[in-house]
Amino acid sequence: MSRYVGKHSPKIATPDEGNNNVNISSKGTIPTPAKMSSGEEEMSAMELPSFIAEKPINYNETSAHCDDEDDKSDVKKLVNAVDEAGEEADGAESGSGTDATLSSAGGSASSKRGRKRQERKLYQCEVCQKEFMGTNDLRKHLRIHNDERPYPCPHCKNRFRQAGCLKNHIASQHGTDEQYTCDLCGKSFPIKERLRLHMRIHTGEKPYSCSLCPKTFARGGQLTQHLATHNGVKKHKCDQCTAAFSCAANLKMHLKSHMDIRDYTCHICGRGFYRPDALKKHLLCYHANLKAFHCNICNKMFKGHLPQHMRTHLKVRPHGCAVCGSVFSQRSQLIVHQRIHSGERPYRCQVCWQAFAHSSVLKLHIRKHTGEKPFECPLCSSSFSQLPHLKKHMLSIHQQDKSYLCQKCGEFFKTKMDYQLHVTACYKDPAAVKNLDNMLDPMYRPTETNGIDPPMTISRMRFLVAILLKKISSEDRLKELGFDKRLIDNVLIDSLKCAGRKVCDDKSYDPLERLKLNVQELLEWTVPPNYMKEFRGANRSTEELLEELTN
């Protein structure tokens, strides 16, 4: 009969050599295990370090921690070796050393092995009370507390606690010949583990679940960081103000606000942000005009700041003015109000350089230069630059307090949200639903040519044309063309006609496409040929040239 023997287990005697190899003294001394290395002999003989707390455990109660055989330390293997040596000694005392004798001793050996397994010990860290099955695992863990980093990088000054961390660092920071590429997006990674984590972006896999709320996460570190938000502990405190955070990463980003470090810049307007999520929200809400937040009370949609809006329904006004005592539900409202006392006007028009205290007032002012009137009456040909003007017109002229009309069924709606919900059910056409925002407010419709990302809206193009005409034309000439009195599209067409240039005035064209063709003709007329040739050689679009000339 034969069985597998580990490298630290004693050699089992064959029937022929049993009497020669197994000598049991009259006192029943257990034979010495097979020859060990010097390191193993020292480990078995030395006293355990003072930082290790021994704790007897019941093996059956901790079976969940013992499934991974690869994590067993050398100390555990030595214990197994001594156990099996004792079992062989018992077998040699009870028989003649034959296979039959070994078989008969199997039952008692198994029972003793079970008792030994139940008496195994856990090794506990006295710093954080975490328990380990072996001293080797505990020793690696203690490097977290004493910051021991025995693995230096040969290419830089960084050091690491684990050999695996060093390997990952070299591959990711100093390069490696082996690359792991994503088949779906083509992105490459120097480490296979990073590719595996990256694939969760495509699959949507989030295997880490929070036990306190329904949220799930793609990475364990994200879950750990999230759990800190539940216990309310904010141990990372700012040394420059009273702010505190549950994780060090948020504190690091917060410190940038004190140093005014804005690493994330909008490539459209140049505005800087401290956080990447703030930049993403700015692009979606400000430039793409996405209103993703819905108030269930007033049925309005918002680009952001929904919690602050809810204070208006709760009549909570925590922000007070120190000068006049006025109170506001949102801090932004207080800031705008304080400009009344300070006289500050931070928003300036690039066409006439008039300054304003609020961005929304500047937005309405710009429509004076572009001639835009995006709010059209559904019952007549009138149009207005502001929504309140349209509502007033509907009430006084058409005796209708609802401004939104469904062209298919003729039903009126009071709010934009109600109209959107109705159109979704009424049209039952994905294309109509997709273009719903363009139908409601066409000034936000983007161009779709040349792959500009993000595409330029017709409102933005009209604004840039107004800036350019203001730069290259005299005041008298602009007055003759009706600048500030007419839609800028028509001003541009008349300007090109007076110069004898080619004009696109075909009403069958989309307004955005017609404007772009006329802008191209304006640039051909006003931009020097050598500069225009260089610009075309770089494969740059009309929108990019217009942005560059006006900035």
Using θ = phi - 60° and Karplus 6.51 cos²θ - 1.76 cosθ + 1.60, couplings along the stretch 178-192 (whole Hz; Gly, Pro as x): 8, 10, 10, 10, 6, 6, 8, 10, x, 6, 10, 9, x, 10, 5
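Compare Glu126, Glu193, Glu543 by solvent-accessible area with a 1.4 Å probe and give them largest first, with all protein chains kept in place.
In descending accessible area the options line up as Glu126, Glu193, Glu543.
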Glu547, Glu131, ranked by accessible area, largest first (probe 1.4 Å): Glu131, Glu547
Of the trypsin sites (Lys or Arg not before Pro) in the stretch 312-370, those whose Cβ has at most 10 other Cβ within 10 Å and which sit in DSSP loop: Lys315
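What percentage of the solvent-accessible surface of the stretch 466-549, computed with a 1.4 Å probe over protein heavy atoms, is contributed by carbon and sulfur atoms? Display every interim value, and only then the final one.
Working: 2270 of 4810 Å².
Here it works out to 47 percent.
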Those residues of the stretch 263-282 whose amide nitrogen sits under 14 Å from the label point placed on Asn551, 7 Å along Cα→Cβ: 265-272
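Which value, to two decimals, describes the C-alpha radius of gyration of the stretch 123-203 once divided by 2.2 N^0.38 Å?
Output field value: 1.44.
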Cβ-derived FRET efficiency at R0 35 Å, Met199 paired with Asp506, nearest 0.05: 0.10
Tail weight of P(r) past 19 Å, computed on alpha-carbon pairs of the stretch 208-259, percent: 35
Residue-span extension gain [His305 to Tyr151] - 0.36 nm each, minus C-alpha spacing: 50.7 nm
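Counting only protein chains, not ligands or nucleic acids, how are Val503, Val519, Val327 ordered by accessible area (probe 1.4 Å), most first?
Working: Val503 45, Val519 0, Val327 70 Å².
So the residues, ranked largest to smallest area, are Val327, Val503, Val519.
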Where labels lie 7 Å past Cα in the beta-carbon direction, separation of Cys165 and Lys533 in nm: 6.1
Rel. contact order, % - alpha carbon contacts under 8 angstrom, at least six apart, the stretch 308-362: 22
Probe 1.4 Å - accessible area at Asp484, Å² to nearest ten: 50
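Calculate the FRET efficiency for Thr176 and Trp525 from the Cβ-Cβ distance with a Förster distance of 56 Å, rounded to the nearest 0.05.
Values: r = 55 Å, r/R0 = 0.99.
So the FRET efficiency works out to roughly 0.50.
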Length added when fully stretched, Trp353-Lys414, from 0.36 nm per residue minus Cα-Cα: 18.3 nm
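What number of lysine-lysine pairs in the stretch 123-203 show an alpha-carbon separation below 26 angstrom, given a sequence spacing of 8 or more or placement on distinct chains?
Details: Lys130/Lys140; Lys140/Lys157; Lys140/Lys167; Lys140/Lys192; Lys157/Lys167; Lys157/Lys192; Lys167/Lys187; Lys167/Lys192.
Qualifying lysine pairs in the stretch 123-203: 8.
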Packing rank of 230-243, 461-474, 385-398, where each peptide gets the mean count of other beta carbons within 10 Å, highest leading: 461-474, 385-398, 230-243
Simple label model, 7 Å out from Cα along Cβ direction - Asp401 to Ala278, nm: 4.2
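The values are calculated or read from the model by the stated rules, or taken from the named source; none is laboratory data. On a predicted model such as this, the values are computed, not experimentally measured, just so you know. Reconstructed Cβ throughout: ideal geometry from the backbone, glycine too, with neighbour counts over all protein chains shown. Side chains are part of the model used for accessible areas, which takes the heavy atoms of the whole protein and leaves out ligands, DNA and RNA. Shrake-Rupley method; radii C 1.70, N 1.55, O 1.52, S 1.80 Å.
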